[in-house]
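Read through the structure below, which is laid out as structure tokens, and then see the notes.
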Amino acid sequence: MSWAVEEWKEGLSARVLQKIHELESQVDKLKKERQQRQFQLESLEAALQKQKQKVENEKNEAATLKRENQSLMELCDSLEKAKQKMSHDLHVKESQVSIQAGQLNSSKKNIEKLEEELKR
């Protein structure tokens, strides 16, 4: 088949054949360059897709971390309120114990007075 491709060149001058050869070489060179650029383009597109996926994964991870952080903040608030309530309850109970201790001392003194009176 290559002979049919070359057949049209028969009878052309050496100068014209040389120019045709140069043009064919240039076409081959441009085809190779185009293939290389196409490969580079495909590689860059693949890298871009990989980066897009990475960004999407990071966005998802950031959203997950944000939700987790919000949940932890709510838990901390809840624990802080529980701590404050327990602290208040403890203070109230300590006051009650103090009052009852005072009442106990007062009752002991009354008992001692009554015992003194009984002895007399």
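The values are calculated or read from the model by the stated rules, or taken from the named source; none is laboratory data. Everything numeric in this text was worked out from a predicted model, so none of it was measured. A quick note on method: Cβ atoms are made from the backbone with ideal geometry, for glycine too, and the neighbour counts reach across all protein chains shown. Note: areas computed on protein heavy atoms with side chains; ligands, DNA, RNA excluded. Shrake-Rupley method; radii C 1.70, N 1.55, O 1.52, S 1.80 Å.
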Inset, instruction - With a probe of 1.4 Å, find how much accessible area the chain has per residue, and write the answer as a whole number in Å². - result: 97
Legend entry - Selection from Asn60, Met73, Val16 lying farthest towards where the dipole of the chain points positive, charges on Cβ: Met73
Inset, instruction - Would you work out what percent of the accessible area of segment 54-120, with all protein chains in place, is carbon or sulfur (probe 1.4 Å)? - result: 55
Inset, instruction - Rounding to the nearest 20 debye, state how big the charge dipole of segment 44-97 is about its Cα centre with +1 on each Lys and Arg Cβ and -1 on each Asp and Glu Cβ. - result: 80
Legend entry - Charge dipole magnitude, Cβ of K and R +1, D and E -1 - the chain, Cα centre, debye nearest 20: 420
Inset, instruction - Pick out, in residue order, every one of the trypsin sites (Lys or Arg not before Pro) in segment 5-78 that is DSSP loop and has at most 14 other C-beta atoms within 10 Å; say none if there are none. - result: Lys9
Legend entry - Pairwise Cα inverse-distance average, inverted: Kirkwood Rh of segment 11-119 (Å): 23.9
Legend entry - With Cα atoms, 0 to 90° folded angle of helix 14-119 axis to the chain main axis: 0
Inset, instruction - Considering only Ala62, Ala46, Ala101, give the residue with the highest GNM mean-square fluctuation for the chain, with springs between Cα atoms whenever their separation is below 10 Å. - result: Ala101
